[in-house]
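The values are calculated or read from the model by the stated rules, or taken from the named source; none is laboratory data. Given the structure is predicted, the values throughout are model-derived calculations rather than measurements. Note: ideal-geometry Cβ built from the backbone for every residue, glycine included; neighbour counts use all protein chains shown. Note: areas computed on protein heavy atoms with side chains; ligands, DNA, RNA excluded. Shrake-Rupley method; radii C 1.70, N 1.55, O 1.52, S 1.80 Å.
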Amino acid sequence: APETPLEIQKEWLCSQRVEKHILFLCSGLKELSAGWVSLDASRPWMVFWILHGLSLLGVTYDRGTGRLTPGFPASPTLMKALRDAPSREACIQFLATCQNDSGGFGGGQRQLSHIATTYASVSSLIIIGGKDAVDVVDRSSLKVFIERLQVQDGEYKGAFRVHVGGEVDIRASYLAMATSRMMKLDLTAISVSSMVDYIRSCQTYEGGIGGEPGNEAHGGYSYCGFAALALIGKESALNVDRLLDWASNRQMELEGGFNGRTNKLADSCYSFWNGGLLCLVHDVLHRTVLADCEHAEFSSYAFDPTALQEWILCCCQPAGGGFRDKPGKRPDYYHTCYSLSGLSLCRSCPWDGHAGESPAESALPKVNLLCNIRTDRLKEAQELIM
C-alpha cells in the first residue's frame, strides 16, 4: 500500500483520473447554461479556478498555438476537448474587458471593480503567462484603486473594503496585499500599522481569525489574515502559538481532512486554506527558533499530509472527474481548484520527510503559499514587470 505523499498521489492521480479532472475543468470554459447566472459577477473567479486547476494538472496554454496543451501523452478525447476550449487570446481578451479605467477588475464587462475579481483576474493572467498577458494589467490605475480601498478612520480603520464604498472584510486585506505582491506594486499611500492593528483585532479567543472583530474564527479568514501579514513581514503581530493550536486542531482525527470552524464537518477546500496557513505558521516559528539560537534544531508536526491526501483523494474525488466538498456532494470548480492546491502543498510540507525529493518526481507542481499560483508562473511574471 502507498505510504508517502508522493506514492499516494501517483496511485490516486493516475492518467485516467487526471484526464477526467481536466475534462471536468474544461467544461466550465465553454458557454454556460442559464443555471449559472448567479455567478455572472464571478466569471474571473471561474477562469482562475479552472486555469489554476489545469495548470496544476499539467495543462497550460501553448504560446505558439494559443491552445491548451497537456504536458503528457493524452487520449484523443482529451486532445479534442482541449482544442475546443477557448484560445489563449480569447481568455486574455475577456479578462481585459473586465478591467476598468479607474483601476481594478470587475466580474465582467462594465461591472464595478472589486478586489476579489481583481485578484482572480491578475492571477489568471499570470497563469496564462507571457508579456502580452501580464501587460494587460494597468499597474498605475491598479495601485490607485487598491489604495482607495483602505478605511482611513472609524471602527474599521486600517481594514480594506471589497470595492469603493463597499463592505469591510478581512479577505479584502489579503487580496489587496497578494495582488500588490504579484504585480510588484509599491503602496505608498496605505497605512501598514493600521492594517496590522485591524487584523490583530480579528484574532479570537480561540486563536483563529474571524472575518471582522467579534466574529467566529474561520479557516479561510485565518489564512487571509495571516497571509496578509506575512506578505508585509508582520506575522509576529498575532499570537502565533494560539493560532497554531487552533489551526492544527482543525484536522479531523478520523477523516484526515480539515474543517473550517470548531465542531464543523471536514471540507476539501480547507486543504489549502488551513494547510497553507499551517505551512506559513511553521515557517514563522522555524525562523523564530533559528533566530533565538544559532545552533537550534526545529521540529514540528503541524498536520498530517498523508491523512489529508487520503481524505482528498479517497473521499472527495468522484469517479466522473472534479473534486467535491465531501462525500455526497457534487464536484465543482471551486473545490477542484483548492483540493489540487492542497495536494500540491502536501508535497512540500517542510516537516514531511519526503519533501526534499526532486520537483520532477512530484505529482503536482509547487504553489506559492502566499498567492496560490504556481511558483514558476509567478516568478516568470514578476521578471516581466519592469
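Take segment 242-287 and flag every residue that is free of Cβ contacts under 8 Å to residues at least 12 places away in the same chain and over 28 Å from K329 (Cα atoms).
R287
D241 is checked against (1) crowded, with 19+ Cβ neighbours inside 10 Å; (2) at pLDDT below 95 and fails just one. What number does that condition carry?
(1)
Being farther than 18 Å from P213 by Cβ and open to solvent by 70 Å² or more (accessible area, probe 1.4 Å) narrows it down to one of K184, K157, K143, so name that one.
K184
I'm checking my understanding of the structure. Among residues of segment 37-55 that are of a type outside the set (G, A, S), open to solvent by 30 Å² or more (accessible area, probe 1.4 Å) and in contact (Cβ under 8 Å) with a residue 24 or more places away in the chain, which one is farthest from S113 (Cα to Cα)? Quick ask: steps written out before the conclusion?
Of all residues in segment 37-55, those of a type outside the set (G, A, S) come to 37, 39-40, 43-52, 54.
Those left that are additionally open to solvent by 30 Å² or more (accessible area, probe 1.4 Å): 37, 39-40, 43, 45, 49.
Retained after the next criterion (residues that are in contact (Cβ under 8 Å) with a residue 24 or more places away in the chain): 40, 43, 45, 49.
Details: D40: 14, R43: 13, W45: 13, W49: 19 Å.
By that ranking, first place goes to W49.
Just to be sure, is G108 surrounded by fewer than 21 Cβ atoms within 10 Å (Cβ to Cβ) and in contact (Cβ under 8 Å) with a residue 60 or more places away in the chain? Walk me through how you get there before you give the answer.
Working: surrounded by fewer than 21 Cβ atoms within 10 Å (Cβ to Cβ): yes; in contact (Cβ under 8 Å) with a residue 60 or more places away in the chain: yes.
So G108 passes the test.
Could you name every one of the helices (runs of 4 or more DSSP H) located completely within segment 116-221 that has at least 1 residues being under 18 Å from L370 (Cβ atoms) and either in contact with a helix residue (DSSP H, G or I) (Cβ under 9 Å, 6 or more places away or on another chain) or among the charged types (D, E, K, R) (or both)?
Result: 139-148, 170-182, 192-201.
Give segment 189-217 a look and list any residue that's more than 17 Å from V151 (Cβ to Cβ), open to solvent by 40 Å² or more (accessible area, probe 1.4 Å) and in contact (Cβ under 8 Å) with a residue 24 or more places away in the chain, or say none.
E206, E216 - these are the residues of segment 189-217 that are more than 17 Å from V151 (Cβ to Cβ), open to solvent by 40 Å² or more (accessible area, probe 1.4 Å) and in contact (Cβ under 8 Å) with a residue 24 or more places away in the chain.
With the checklist (1) more than 25 Å from L229 (Cβ to Cβ); (2) open to solvent by 20 Å² or more (accessible area, probe 1.4 Å); (3) in contact with a Ser or Thr (Cβ under 9 Å, 6 or more places away or on another chain); (4) at pLDDT 95 or above in hand, flag the one item P327 doesn't pass.
Of the numbered conditions (1) more than 25 Å from L229 (Cβ to Cβ); (2) open to solvent by 20 Å² or more (accessible area, probe 1.4 Å); (3) in contact with a Ser or Thr (Cβ under 9 Å, 6 or more places away or on another chain); (4) at pLDDT 95 or above, the odd one out for P327 is (3).
So that you can scan it fast, the table gives a plain yes or no per residue for (1) among the charged types (D, E, K, R); (2) modelled with pLDDT of 90 or more; (3) out of contact with any Phe, Trp or Tyr (no Cβ under 7 Å at 6 or more places or on another chain):
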| residue | (1), (2), (3) |
| --- | --- |
| C315 | no, yes, yes |
| D332 | yes, yes, yes |
| C337 | no, yes, no |
| W351 | no, no, no |
| S358 | no, no, yes |
| S362 | no, no, yes |
| V367 | no, yes, yes |
| R374 | yes, yes, yes |
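Going by the structure shown, is F24 under 19 Å from the mean Cα position of the chain (by Cα), at pLDDT 90 or above and surrounded by 14 or more Cβ atoms within 10 Å (Cβ to Cβ)? Don't jump to the end; show me each part of the working.
Details: under 19 Å from the mean Cα position of the chain (by Cα): no; at pLDDT 90 or above: yes; surrounded by 14 or more Cβ atoms within 10 Å (Cβ to Cβ): yes.
So F24 fails the test.
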